[in-house]
Structure formats: C-alpha cells, structure tokens
Number of protein chains: 2
Amino acid sequence: MPASLRFLIAAKRCEVTELEKLAQTSPLIRATAAWVHELQRERGLSNLYLAAAVTHNNTNSAHSQRLAEHITRSQAVADQVLQCFEQIRLSAQDNPLTAPSALPGHGARLFNRMADVLQGLAALPYLRQKVATRAWPITQATQAYSRLIAALLSVVFEAADSATDPDASRLLVALFHFMQGKEWAGQERATGAALLSAGRADAVLQQRLLHLIESQERSFQMFHEFASPSLQTLAHTSQDTHQRAELERLRRIICTPPAGQPLSTSLSSTWFDTCSQRLDQMKAVEERLTLDLLNMCRDKTETAQHDLQDWENLLSDPAAHLTTPSPVREPSRYFEDSAPPTGDGLTAPEHQALQGRPLIELVREQSQRLTAMAAELDTIRASLNERKLIERAKGLLMAHRQLNEDQAHKLLRQTAMSQNRRLVDVAEAVLSMAHVLPRT
Amino acid sequence: MPASLRFLIAAKRCEVTELEKLAQTSPLIRATAAWVHELQRERGLSNLYLAAAVTHNNTNSAHSQRLAEHITRSQAVADQVLQCFEQIRLSAQDNPLTAPSALPGHGARLFNRMADVLQGLAALPYLRQKVATRAWPITQATQAYSRLIAALLSVVFEAADSATDPDASRLLVALFHFMQGKEWAGQERATGAALLSAGRADAVLQQRLLHLIESQERSFQMFHEFASPSLQTLAHTSQDTHQRAELERLRRIICTPPAGQPLSTSLSSTWFDTCSQRLDQMKAVEERLTLDLLNMCRDKTETAQHDLQDWENLLSDPAAHLTTPSPVREPSRYFEDSAPPTGDGLTAPEHQALQGRPLIELVREQSQRLTAMAAELDTIRASLNERKLIERAKGLLMAHRQLNEDQAHKLLRQTAMSQNRRLVDVAEAVLSMAHVLPRT
C-alpha cells in the first residue's frame, strides 16, 4: 500500500483532532456567555443600588435584596465556567500535547486569559464589598465590573481567533461581535444610569454614551456579516419595535442637553428597565448562538470521525489503490498536473466513494480543500483584526508613555473623537509611528 | 495557592510544547533542504545528459555515469527525508493529539504536503527512465524535477508559516525565501541550458529567463530582510565576485539576441559550471540556516523547559504568593490596571525572580509578552502572503476556467509580463474579481 495514503490519513486525523478540540471548547464558550450576562446584570443592579443611595430614595433595601439574590445566582454560573476551565486545563496537563494549541500561541493565550479571569473572580468579593458599603461611586463600580467582563470576552475572542473550521470560525466570530455589541449596550445602560442619577448633563459622559451607541452599531453590523440568515432573523424579531423607539427617545433626552443642564432623575427606572429588557432579549440570541455552536461542533466531529473511518478502511484494503489506476498512469499524472479541480475545493471528496480512486486525485483534492479552508479562515478572521490593532496600539502607548491600560484607551478614544476618526484608524496611525515614539 | 497560578503555568506549558514540536520539525527541514539540493543537481545533470544527446557530442557516456552516480547519492538523502516524515507521522498516530497542529490546519496541511512529496518520490523512477531513454525533451524533464522540488519547498513553507516562536519563524522565513531564490537560480540554469543546447535565441525562453532572474532577486531580498547579520554576511562572502561578473556576462549573451539568432552551443558547459558553482555556494548558506534552526530550537526548548520548572516550583511553595502581596492589594490592583508595563513585552519576566512577585503582575506580563509575540509573528508571516495570494489566484483560475495548475500559472505570469505588473498584483486582481468570473 502506498506510503502517501498513510500521510493522507494523518492529515485527515489532524482535521478530526482540531474539531474535537473545538467541541471541547464550545461548552466553555456557552458558560462564559452565560456568566457575562449575569455580570452585566449584577453591574446594572449595583448601579441601581448605588444610585438609590445618591438620590436617598426608599427603594434602597429592595435594591439591596435584589442584588444579594442575584449575586448568589451569578456565583452558580461562575462555578460552571470554572469547571470548564479546569477540565480543559487538566486535559492539557495530563498530556501536555493535548493543549488546545490550534493557533500560534493559542493554547498559551487562552490559558493566560483564563488566569486573568480567575484573578477577577478572586477579586470579585472585594468589588462587591465596595459596592455594598458604597465605598465606590457608580462609575468606579461600573468600570470594575466591565474589567472582568472584558476578561471573559477575551476568552471568546481567543476561541474565535483560533478555530480551524471555517463554519465554526464564522459562528464564533458572529458570537464574539454580538457579545461585544451587547457589552457596549450594557455599558450604555450604566453610563446613562450614572448621568440620570447625577441629575445633570455632563459632556464627557454624554460623549461616552454616543461613542458606546456607535460602537454597538458597528459590532452588530459585524455580527450580521457573519451570522446565518436564521440567526439574523432571530436577532431582528427578538427586538421589540416599541421598546426600540422608547430607547431612542431616552437616548435623545439624555444626550442632547448642554452640559450642566438638569436631567430628570425620575427617568432612571424607565431607562434602566428599557435597557435591561433589551439586554435580556439579546441574551436569547446569544444562547441560540452558543447552542448552535455546541451542536455544530458535535455534528462536525461525528461526521469527520466517520470520514476518517472510511479513509482508514482503505488501509485494510490494499488492493483498492493498486489495481484501479494503472501503475504507469499515476507517476505520469504526478508530473502532468493535468486534472483541473472540480468544485470550489470545499465540497469534495467526502461526497464521492473513496474506493478505487487514484490516490493522486485524493491528495490533490485534499490539498485544494485545505487551501480553500485556510483562505476562508483568513477572510473571516480579518474581522477580528480591528480589535488586535487597537490592543497593540494600547500596548505601545503603555510601554512608551508609561500609561496604564485605561489611560492608553482613553488617549486613543479622545484622539479619535477630537479628529472625528475611527478608533481603529487612530490605532493604525499609532502603530505606524512606533519608531518615532520616545522610549521612556 | 491561587488557581490562576495553575493557568499561568498551563499557558507556559503550551509555549514549551510548541517549541518541542518545532524542535521535532527542524531535522525534517534540514533533510528536506539537502534533498532539494540533490534534486536540483540531478535536474542539472539530466539536462547535460539530454543536451549531449542533442548535440551528439561524445561526452555522452561520461554524463550518463555522472548522472547514475548522483542518483545513488540522491536516493540516500531522500531516505533521510522519508525517515523524518515517518517519525513525525508515527508520533502523531500514537497519540493523535501530538500532531504538529500549530496553525489552522497546519498539521493537516503539512501531512498533505508530505503525501504529495511521497507520490513524487514514487514517480521519480518513471521520470528517471524517461530521461535515461531520452523519451522526454529537456524542458519536460526540467519541469518534472521542478514539480517535485516545488512539493518539497511547500513542506518548508508550511513549517515557516506555522512556527509560533518569532525567532524561529524569522529563521524559517529567511530559509524559505533563500531556498525559493536558489530554486529560481536552479531553473535559470536549466532554462539557459535549454536555450544554449537548442543553439538559437527563443523569445519565450528568454522571457522566462528574465522572469527567473527577477524572481530570484526578489526572493533573496526577502531573505535579507529576515536573515541575521551574520547570515547576510555569509550569503555575501560566499559569492565569488569574478563568478558573479561571469554570470552576468553569460546572461547578457543569452538574453539579448533577437529570436531566431544563433547562440553559441560551446558556451553550454561554461554556463552550466558557472551556475552550478553558484548553487553549490548557496548550499553552504542553506546548510548554515538549517543548522542555526536546529541549534536555536534545541536551545530555546531547553531554556523554556527550565523556565517552566521555575514556574512549577512556585506551585510547591504555596507561601510565595500568599505572603508578599497583601491580600487586599491584589484585588484592588486587578480593577485598577495601574501598573504600566516594563520594556517591550518581549523580555520580562524570565529575567526576574518569580518568587514573591504578585501573581497579577506575572499574568499581565505573560499577556503582554504573548500579545507582542503574536504581533511580531503576524509581521513576519506577512512576507509569506505573496505566495499564498498567488496560490489562491491559481486555484481560482483552475476552478473557474478549467485549467491545470501549470496553465493557470502561465496565464498569471503572461498577464503580469504583458501588463508590466508584479505577479502578486495580478493575483490580487484575480482574487478581487472572483465574483465576476464565470463558473464552468
């Protein structure tokens, strides 16, 4: 039996392994999305609780109880995430080579992100205590919750950036953009709540609100680019048009008054409820996305395992590839490169019987399929580049200007706003000037 | 002991694993480069043998013997490559998860390329017989050898495209471009030999020669961009200036006469010897490159294993990270994001003692280092994009216009030459027009 068949099968086996890894990661992604939602809710309830203290209204203890109840629930979801983390870590430890290293440093980056999340989880009681004792203002509490949520989003980002199957990659990229959009919506709720609880228009917070609205739209646009039609429909129909109009009315009321003008604190609960309903509706889409991912990974893994079995059967049938193509024909075909490929490279060869087909065709088809997959993956991942560029520009500013992450981000954002340019364009400009920045 | 430390270590372990995989691949790369050189030589000797038949000169049996001797030697080198292939395949089979899958589909693509090489090896006796019996003209024999050499170059390309360590990636990219340049030089020798043995200027072959000279220069320029200064010096000093001048003189003599004009067949052996000396000198650089790679991978793996040990020692010293940073300090720092990073993210933390440092700093440093590495890898790999774009454009033309690979390549090349544009620009234009191409 020709040696090349063994390598053809080894290649197939790699594909199966990649899918199995993806199937192992998808429950983690689902749990992560669920925890993000709980944290967003906790951030919202904390805001209400802190705002109630500011306005001295008497719903205070009710807020306090809602928050306490929610924290218990949130903790249970966090435990699920921890279990998934631990499962992946242990499987990597038992055999260091099973680390989900589907991308350059992917395994390393994913575990690093997990370490970051765990530190956030360990720091969460500290944050909750600052909220409970009202030691922190709304904005600081919001920022702290957002920091942990960003850490969780990074886990989803790494998974999206490293999936090696184009369909799964597409779904993960859609999910990431959707979650990112939802998080901007969550921060919008918090920023609006802070403005309303302060009771007067503030130019910085209003600017921030407009920036969050814009970022949201951009993220959802990316989601639409990669989501399946049925997901797009779900995202569309899950939006209540009445609520949508109400949101836009409230946005206008909050964003348009000049700085210093009073804002009606009585709008607080309407704003909070409208935003919260919207976030809950988004959660339904998020759940569908993560469920689709789970099912897709399971189905694809099963199919790939069956395919692999078909290929491996060729090994036990040595005659299959020695009889059909004449021994003279194969070598000449190798040098001729004569056969134009069939299809787009993404379909064959699973739909055709393997038995009796010249090996040279099978190798060529596999090669075309893998090349087409790599090209498709490159295209899908390109949509993640924006975030990478922004992260890199931030890192550069942090190193060269001795800023912390938050300061670096603010500098980029303010530059973008004052020059009326997109954040990513400013990031690119910073990176292209790397060599002229002073080293401190 | 904090859970995040375990994940920090899991991330480190992934890095070590990636380096170990690289160390496993580097002997394969070295053997592959050696075999490519032997095949280039065999192609050259076959050309001499076939040309001698055309010109009826009496060095025929001498050529025949030189060729036969060389084939024996070439086969021994091929066996080494096979052993390396088999070793990697077996280690992947014993444990499917050890497949060198450092990149999207990398494992799959690498094995697919190996399968292709093995088919070429199986077809080699057929090719040699066609040469021995003079059943094929020089150009056809040249093309057949070039096909197998291209398959071997693809193996090096996949390795260069998937290395996850920036230093190794840089070296592999330099090696790939150097090998590609050397292969263009080898094809230049063959094309010049075909022209001289025909005894008259031929516009198509002359154009081809000019194209090969240009491609060579481009490849070597890429090599210089990524090679270390000492490698650049070696590449420079290994070139004999006298021989360089002689080559340019011969190029002029061959390329400038108008089509149909006689070329002096007596220049054949001067041309062949000058080109061959040059290829042999390049071989020295190639060998240094692959040796550097071997040593670097071994050293880096050892260092990383030691580092990992240091980290793992922290696990057995639970006090280290519970005493030093006060328990209150850590959580507040998590939300503060206060510490600006030190250095460029690529140096720390190996140079500092790990003991007693706050975990939060270690996680942050690891994150910055991994991000900086990913950014550097992206930049290095960008130099491989040209080839990918050309391959994809070829694939597209093959699928849409029912061409074989060679025809697709010729179409691209001719378009580039007639429009005086670079091949990669034509490829990009083809890809950007994908949606308007008819589906056959």
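Here is a check on your reading of the model: is A:Ala122 surrounded by fewer than 22 Cβ atoms within 10 Å (Cβ to Cβ) and either part of a helix (DSSP H, G or I) or under 18 Å from the mean Cα position of the chain (by Cα) (or both)?
Here the answer is yes, as A:Ala122 does meet what is asked.
Looking at the stretch A:377-422, which of the residues that are within 14 Å of chain B (Cβ to nearest Cβ) and part of a loop (DSSP other than H, G, I, E, B) is surrounded by the most Cβ atoms within 10 Å (Cβ to Cβ)?
A:Leu403
Specify which of the listed residues (B:Leu389, B:Leu377, B:Leu403, B:Leu384) is touching a helix residue (DSSP H, G or I) at 6+ places or on another chain (Cβ under 7 Å) and over 30 Å from A:Glu391 (Cβ atoms).
Checking each option against the conditions leaves just B:Leu403.
Can you name the residue in the stretch B:1-30 that is farther than 10 Å from B:Ala304 by Cβ and of a type in the set (Ser, Thr, Tyr) and is also modelled with the highest pLDDT among such residues?
Result: B:Ser26.
Taking the conditions exactly as written (crowded, with 24+ Cβ neighbours inside 10 Å, assigned to a helix (DSSP H, G or I), of a type outside the set (Ser, Thr, Tyr) and within 14 Å of chain A (Cβ to nearest Cβ)), does B:Leu28 satisfy them or not?
Against the criterion (crowded, with 24+ Cβ neighbours inside 10 Å, assigned to a helix (DSSP H, G or I), of a type outside the set (Ser, Thr, Tyr) and within 14 Å of chain A (Cβ to nearest Cβ)), B:Leu28 does not qualify.
Listed residues A:Ala34, A:Ala78; which is within 30 Å of A:Asp273 (Cβ to Cβ), more than 14 Å from chain B (Cβ to nearest Cβ) and within 23 Å of the chain's Cα centre (by Cα)?
A:Ala34
In this structure, does A:Thr274 turn out to be free of Cβ contacts under 8 Å to residues at least 40 places away in the same chain, hydroxyl-bearing (Ser, Thr, Tyr) and surrounded by 15 or more Cβ atoms within 10 Å (Cβ to Cβ)?
yes
Any residue at all in the stretch A:106-121 that is under 23 Å from A:Ala193 (Cβ atoms), within 9 Å of chain B (Cβ to nearest Cβ) and either in contact with a helix residue (DSSP H, G or I) (Cβ under 9 Å, 6 or more places away or on another chain) or modelled with pLDDT of 90 or more (or both)?
yes
List pairs: first in the stretch A:229-240 and polar (S, T, N, Q), second surrounded by 11 or more Cβ atoms within 10 Å (Cβ to Cβ), Cβ under 8 Å, 6+ apart or cross-chain?
Once the first residue is polar (S, T, N, Q) and sits in the stretch A:229-240, its partners that are surrounded by 11 or more Cβ atoms within 10 Å (Cβ to Cβ) give A:Gln232/A:His224; A:Ser238/A:Gln281; A:Ser238/A:Met282; A:Ser238/A:Ala284; A:Ser238/A:Val285; A:Gln239/A:Arg278; A:Gln239/A:Gln281.
Tell me, which residue of the stretch A:196-222 that is within 22 Å of A:Gln140 (Cα to Cα) and among the small types (Gly, Ala, Ser) is surrounded by the most Cβ atoms within 10 Å (Cβ to Cβ)?
The extreme case among them is A:Ser197.
Select from the stretch A:306-331 the residues that are surrounded by fewer than 16 Cβ atoms within 10 Å (Cβ to Cβ), more than 30 Å from A:Thr17 (Cβ to Cβ) and modelled with pLDDT of 50 or more and list them in ascending order.
A:Arg329
Just checking, which of B:Leu175, B:Leu127 is more than 8 Å from every other protein chain (Cβ to nearest Cβ) and in a helix (DSSP H, G or I)?
Every option except B:Leu175 fails the conditions.
Of all residues in the stretch A:240-282, which are polar (S, T, N, Q) and closer than 17 Å to A:Trp184 by Cβ?
A:Thr274, A:Ser276, A:Gln277, A:Gln281
Can you pull out the residues in the stretch B:426-440 that are assigned to a helix (DSSP H, G or I) and exposed (fewer than 13 other Cβ atoms within 10 Å of the Cβ)?
B:Ser432, B:Ala434, B:His435, B:Val436
Kindly indicate which of A:Ala174, A:Ala144 is in the same structural domain as A:Glu38 (by TED's automatic domain parsing), in contact (Cβ under 8 Å) with a residue 60 or more places away in the chain and buried (at least 23 other Cβ atoms within 10 Å of the Cβ).
A:Ala174
The values are calculated or read from the model by the stated rules, or taken from the named source; none is laboratory data. Everything numeric here is computed off the predicted structure, so don't read it as measured data. Here Cβ is always computed from backbone atoms with ideal geometry, including for glycine, and neighbour counts include all displayed protein chains.
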